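The values are calculated or read from the model by the stated rules, or taken from the named source; none is laboratory data. The model shown is predicted, which means the values in this text are computed figures rather than measured ones. Using ideal geometry, Cβ is built from the backbone for each residue, glycine included, and neighbour counts are taken over all protein chains shown. Just the protein is used for accessible areas: all its heavy atoms, side chains included, with ligands, DNA and RNA removed. Shrake-Rupley method; radii C 1.70, N 1.55, O 1.52, S 1.80 Å.
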Amino acid sequence: MEIKELRGIKGIVAAVALLIIFFGVFSSFLQLEGNVARGISEEYNKLAYRIAPNNLASWVYDYRGIDTLLETGVIYVGAVVSVLVLGRGLVRLNVPEEEDIVKVSGMDLKTETMPVLLKYFALPVVILLIAYGLLVVLEAPTSGGGGFQCGVIVSSAYLLSVIIYGKKSPLNMRKKALVAFGTFGWGLYVLMGLPGYLVTGYWQYNVGADLWSWVSTFPGAVPDALKAVFGEPFMLALQLKEGISYATSGILPIINIGESFNVIGAICLIFFAFIYGWSDSEEGASE
Amino acid sequence: MNEPITNLWSVPLLVMIPILTAIVVNLLYNKARAIRVISIGAAIAVLAISVVSPYGFHWFAGHPAVNADGTYTFTASVFSWKLSLEYYYGPLQQILIAVTSLLLLFVVVIATKSLSKNYGPYVAIVFLTYVSAAAVIMTNDFYNLWIAVELGSLLVAGLVASSGTGYAQKAALKYTFFSALAGSGLAISLGLILGITGYANITDAIHFLMTNDLGGMHAVLYVAFAFLALAWVYAGGLIPVHPLKSDVYRSAFPHATVLLQAQSKLMLVAIGIVLLRMFGALPFAREVMLSISVLTMIIGIVMALIQTDFRWTLAYIIVSHSGLVTVGLSLGTYKGIVGGLFQAVNDIIYMSILLLCCEMLLYFGKGTSIKFNGGIAKKSPWLAAFVILGTFAASGIPPFNGFQSELIIIQAALEQSLPEVAAVVLMVSISTFIALFRAVYSIFLKPGEDHPVRQSEAKRFEIPTTVFVFLSVLLAISFVLGVYPQLALGFLTESALKVVFVPWVP
Amino acid sequence: MTIFPLALGEVTLTIVAFFLGILLGTQLQARLSRRTTLLILIMSVVAAFLFEAPVHYSSVLGGVFAEHISFSFKFISATIGLLVGKSLRKEGGIQ
């Protein structure tokens, strides 16, 4: 849509609609001020230290873990669809058709003008960026961070590498590897629901932390072995003011790793398809 | 009645099996045979699960609910505030998901047979579309509803764009652009509801609204309603976004449209029911919903009447009949809701018949324009029979299923003393017949080029056996539901009763 | 300098970081001179000092040496993992 189209009656309608929406939202925000009901969040806060020291990780990946699973799906689908539009998996009926498939070719990257100094330092920076991404995902249960952020950091390293070095970039992700990363990531996330499902019937019950098997109405029981496998490796001694409390985040770190690989696969795949274009015959960048 | 369980085994499987299938087939990419086996197996599995599953809740991640005295419980018999995300699988969910699973099976079989070999991503998108529809109809949580709608609209774009033609990509782009609005609208609505009640769980939020004095904060509720209704309009393709949605229906392969229309009906039903449960008591809320629905019906059918391409005609009729579904729902009475839900089921079925027939026209390679066709009936009499019977079902002619649900909606409208609405429903049903029969006549019945079909050419006009079976199954369902509507109504009455009398129960 | 209370959670993720580093390192295709490798390692130690160990960590194995001196071992092990992973892939590409 061009700006020209917004002149005249269309523009007036749009402006009026925007004004109404603005006042509606604004007035409701005014009414809400000071009246926000705390609801279930109080309960979540009370239970905060029981899973991961980082409260946010418990919320996002445990209490609302299925939301995040589908959210992960949004990123996965975003990548699949974007790359599909660029040529991966465009399908056609096995019959004569009237219109041709639209294909996109890669970008034309010119890196000759990049200063040599940048080329010298970029590679160490890329490697350190990836390491930083891994740090961010692995510290998700204990401090701010998580899978989404890690994925974005690593894909920014990928982009940096391509911008500095062009198509023959040292961080040379092959397209099969990227698709496999995405598959591994989301698949790992989904499958982490399975242990809890098999022993308690609740999908993605955190068998490592096992918060609730003491409640009398809880169906099923978590075997000690399973609890140890998923809980012990992530056990932390939290120094609270009441004394030392042992807590484990259970499956949360694993889910976060799945999440991060999903995001790495998804976003880098989009970059890849834009940079190199897509054709089913050749494999990857400089292979 | 048995006590509802909170760890129903089937709910996670209905979501996770398709997700895992999608992940695997996307990885396999062009290993056609493996993809075919896996995807058909998974589709049969979810169909079987949806049919045999009992009813109950699933509290994902297995966190308990908090009783009023601060103790924790894992039973759903007494009201308590939920810590986990809740899905509910009841009779309404069962019939809608079972029908959609059946269609998923058909779509997967057809797609893996009729498309070029690299259909891994395409089949993945098909399965995820199913996931979004199933999640939307089962979830009892605002936040999850939002994510499922977001996921759904992205998938619609993918399914459309995958045919790779210029106009399909344009349609997909336009749809994604505007559906971003719907998504953020739903998010604002969710934020306001969360702010005013503190609960993302729909049951808990309604419970809070009923037990607490809002102290004149009704503007918040109205804005939340408005944004949720906006999302409803976008997800279902009601007016004023009908051009986008019909563009989408027309540009996808007809077999994909089978799933797309099922998904959008499920979203209409799910969000519509949430609107009724949450905001049904607000003055003017139902009136707004009703006006949107009636306008959608009228404009959809008028647009359908002036099309010259069978695919466009079907696209606009789907839009128009979405309005028929929502008219029933937004009447808000028991009978109206039953009619709306039944119409959704019927609509999904008879539209699938017509869309599959349309797909066959593409196989024949003669296009779907009504100008350049004719005489298909002579070459493929079975297809002509199917399309004519499908037309009867869609236009509400007994003894097919469309008749029964439209009758209920008309009765409900008359009971509410809204004869205008009843008249519009009747008009839509008649105009559907005209619009469809016009296309059917000129493509199938009108004498075509008058040369005898050669032996070599005759093979081109045979319907594949699988499609023949699918069409027969769908037609049989349509006929059985038309003769014996109680079969479906038994699944729908409970939900309708709950929405009207105990809206907090999912 | 405390060693206890020691919980496994302070160590496991450092090991995981190493293996994930190898996994991503196999995507690197570059020839690194010994000087550059050394530079990367030194920078990673400096960075690990700046990032510190998470607040709940208390053992030497978790990276805590004294009250204000702690290292993020995960970062160092991820860097080493990346370098190891890189050497697994056949060399080529740019310098």
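Observations, loosely collected:
- Its residue count N sets the reference 2.2 N^0.38 Å, and the alpha-carbon radius of gyration of the range B:318-436 equals 1.18 times that reference.
- Positive-end residue of C:41, B:50, B:491, charge dipole of the protein assembly as shown with Cβ unit charges: C:41
- Phi-based couplings in Hz for the range B:239-247 (Karplus 6.51, -1.76, 1.60; Gly and Pro marked x): 4, x, 9, 4, x, 5, 5, 5, 4
- Set of the range B:362-402 residues, backbone N closer than 16 Å to the point 7 Å along the Cα-Cβ line of residue B:483: B:393, B:398-402
- Just checking the listed ones, C:76, C:22, C:40: in the Gaussian network model of chain C with Cα springs under 10 Å, the one fluctuating most is C:40.
- Magnitude of the charge dipole for chain B, about its Cα centre and with charges confined to Cβ atoms of Lys, Arg (+1) and Asp, Glu (-1), is about 1740 debye.
- Charge-dipole axis of the protein assembly as shown as Lys and Arg at +1 and Asp and Glu at -1 on Cβ define it, positive-most pick from B:155, A:68, B:138: B:155
- Summarising the label geometry, the points placed 7 Å from Cα in the beta-carbon direction at residue B:212 and residue A:167 lie 6.0 nm from one another.
- For the range B:1-138, with +1 on Lys and Arg beta carbons and -1 on Asp and Glu, the positive-most of B:17, B:89, B:59 along the dipole: B:17
- Long-range HN-HN contacts of residue C:7 with modeled amide H, under 5 Å: A:237
- The residues of the range C:13-88 expose on average 47 square angstrom of accessible surface per residue, using a 1.4 Å probe on protein heavy atoms.
- Over all projection directions, the Cα-based convex hull of the range B:1-138 averages an area of 8.4 nm².
- Between the helical axis of C:73-88 and the longest alpha-carbon principal axis of chain C there is an angle of about 20 degrees.
- Rounded FRET efficiency, nearest 0.05, which uses the C-beta distance separating residue B:473 from residue B:75 and R0 of 25 Å: 0.05
- Using R0 = 60 Å, the C-beta based FRET efficiency linking residue C:50 and residue B:494 works out to 0.45.
- With a Förster radius of 41 Å applied to the beta-carbon distance between residue A:107 and residue A:42, the computed FRET efficiency rounds to 0.20.
- Near residue B:499: Cβ cut-off under 15 Å, other residues only, Lys/Arg at +1 and Asp/Glu at -1. The net charge is +3.
- Per-residue Karplus couplings for the range B:56-66, computed as 6.51 cos²θ - 1.76 cosθ + 1.60 with θ equal to phi - 60°, are listed in order as x, 9, 10, 9, 4, 6, x, 8, x, 9, 9 Hz, Gly and Pro entered as x.
- Whole-Hz couplings from phi, Karplus 6.51/-1.76/1.60, listed for the range B:270-275; x for Gly and Pro: 5, 5, x, 5, 4, 4
- Residue-averaged [θ]222 nm for chain A, counting only DSSP H segments that reach four residues, each worth -39500 (n - 2.57): -17500 deg cm²/dmol
- Helix-only mean residue ellipticity at 222 nm for chain B, each DSSP H run of n ≥ 4 adding -39500 (n - 2.57), per residue, nearest 500: -24500 deg cm²/dmol
- Near residue B:309, the amide H atoms lying under 5 Å from its own belong to B:370; only residues 5 or more places off or on other chains count, and H is placed 1.01 Å from N.
- Separation between Cα centres of the range B:209-256 and the range B:339-373, rounded to whole Å: 26
- Spin-label zone in the range B:195-238 - amide nitrogen under 16 Å from a point set 7 Å from the Cα of residue B:3 along the C-beta vector: none
- Note on residue B:31: accessible area is roughly 120 Å² with a 1.4 Å probe, heavy atoms of protein only.
- Assigned charges on the beta-carbon of Lys, Arg, Asp, Glu; chain A dipole about Cα centre (debye): 460
- Estimated buried accessible area (total), pair A and C, 1.4 Å, Å² to nearest 100: 3700
- Nearest 10 degrees, 0 to 90: helix B:120-138 Cα axis against chain B principal axis: 40
- Kirkwood Rh in Å, taken over all unlike Cα pairs in the range C:13-88: 12.8
- Cα-Cα over 28 Å, subset of B:265/B:379; B:170/B:446; A:241/B:82; A:168/B:113; B:113/B:170; A:176/B:265: B:265/B:379; B:170/B:446; A:241/B:82; A:168/B:113; A:176/B:265
- Solvent-accessible area assigned to carbon and sulfur over the protein assembly as shown amounts to 69 percent, based on a 1.4 Å probe.
- Close amide H pairs (under 5 Å, H built 1.01 Å from N) link residue C:70 with C:53, C:65, residues at least 5 positions away or on another chain.
- Rounded tilt (10° steps) of B:285-305 against the dominant C-alpha axis of chain B: 10
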